[in-house]
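Q: Mind having a look at this structure? Questions to follow.
Since every read-out is calculated from the coordinates, none of them should be taken as a lab result. Quick caveat, the model's predicted, so the values are computed rather than measured. Positions of Cβ are backbone-derived with ideal geometry, glycine not excepted, and every protein chain shown enters the neighbour counts.
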Amino acid sequence: MKFRILFLLLMLGAIAGFSALNWDAFVTPTTLSVGLTDVQAPIGVIMLGALCLLTAYFLAFVIYVQASALFDSRRHAQELQANRELADKAEASRFTELRGFITVELQQLARQQANMGSSAAVDSAVLARLDRVEKDLLAAVEQLANTLGAALGELEDRLERSERGLPPR
């Protein structure tokens with residue numbers, strides 16, 4: 001982008017230099033037709049004015065486009081942050097719910113064990129169930145992490161595409 005700006009500045013400088021060197025020719029009045037009538041006016045000054053107006057219009061357009069891209073980028077960043085916070089809260093509530101469930105199950109097992117006495121079969125069943133619960137918990141956490149990672153990756157991809165001005169997929 002720096003090359004484009006440098007090229008634009010060089011072109012404007014060349015036009016300014018050309019205009020300064022040929023100022024007498026620029027201000028020489030000429031007969032100009034404006035449709036219904038003819039007018040005596042310096043065509044060089046009129047063309048320089050048109051060039052200045054066109055340059056100012058395109059400068060305003062570029063500023064508008066850059067500002068809208070900046071506002072979109074900020075909005076996307078805020079949405080991404082809100083989604084991250086929402087995902088963190090959902091994950092925390094799931095872990096709290098899981099902790100409560102495991103506590104209740106362990107209390108039930110402790111009551112059952114107290115009622116039946118300590119037998120090796122009950123102990124092995126409890127240990128097997130705890131192993132199964134632990135495996136299920138680890139699988140759920142891994143699946144949640146993968147889902148969260150994919151969602152955040154997609155949001156970051158959209159944000160990067162919007163910053164580069166590319167259309168979304």
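Q: Can you work out which of the residues in segment 1-15 that are under 31 Å from the mean Cα position of the chain (by Cα) and of a type outside the set (A, V, I, L, M, F, W, C) is farthest from residue 52 (Cα to Cα)?
A: Looking at the filtered set, the residue picked out is 2.
Q: To continue, here is another question. From the list 62, 133, 141, 104, exactly one residue is assigned to a helix (DSSP H, G or I) and within 30 Å of residue 4 (Cα to Cα). Which is it?
A: Details: 133 fails: within 30 Å of residue 4 (Cα to Cα); 141 fails: within 30 Å of residue 4 (Cα to Cα); 104 fails: within 30 Å of residue 4 (Cα to Cα).
Just a single option satisfies the conditions, and that option is 62.
Q: Of the residues 69, 125, 50, which is assigned to a helix (DSSP H, G or I) and surrounded by fewer than 11 Cβ atoms within 10 Å (Cβ to Cβ)? Don't jump to the end; show me each part of the working.
A: Numbers: 69 fails: surrounded by fewer than 11 Cβ atoms within 10 Å (Cβ to Cβ); 125 fails: surrounded by fewer than 11 Cβ atoms within 10 Å (Cβ to Cβ).
Step by step, each of 69, 125, 50 is checked, and only 50 is assigned to a helix (DSSP H, G or I) and surrounded by fewer than 11 Cβ atoms within 10 Å (Cβ to Cβ).
Q: Which numbered condition in (1) without any contact (Cβ under 8 Å) to a residue 40 or more places away in the chain; (2) more than 23 Å from residue 22 (Cα to Cα) is the only one that residue 46 fails?
A: (2)
Q: Further question on the same structure: Please enumerate the residues belonging to segment 16-47 that are of a type in the set (D, E, K, R) and in a strand (DSSP E or B). Steps first, please.
A: Taking segment 16-47 first, the residues of a type in the set (D, E, K, R) are 24, 38.
Correct list: 38 only.
Q: Mind checking whether some residue in segment 124-147 is of a type in the set (Asp, Glu) and touching a residue at least 60 places away in the same chain (Cβ under 8 Å)? Talk me through it step by step, then tell me what you get.
A: Kept after step one, since they are of a type in the set (Asp, Glu), are these residues of segment 124-147: 131, 134, 136, 142.
Subsequent filtering for residues that are touching a residue at least 60 places away in the same chain (Cβ under 8 Å) retains none.
So far as segment 124-147 goes, no, none of its residues is of a type in the set (Asp, Glu) and touching a residue at least 60 places away in the same chain (Cβ under 8 Å).
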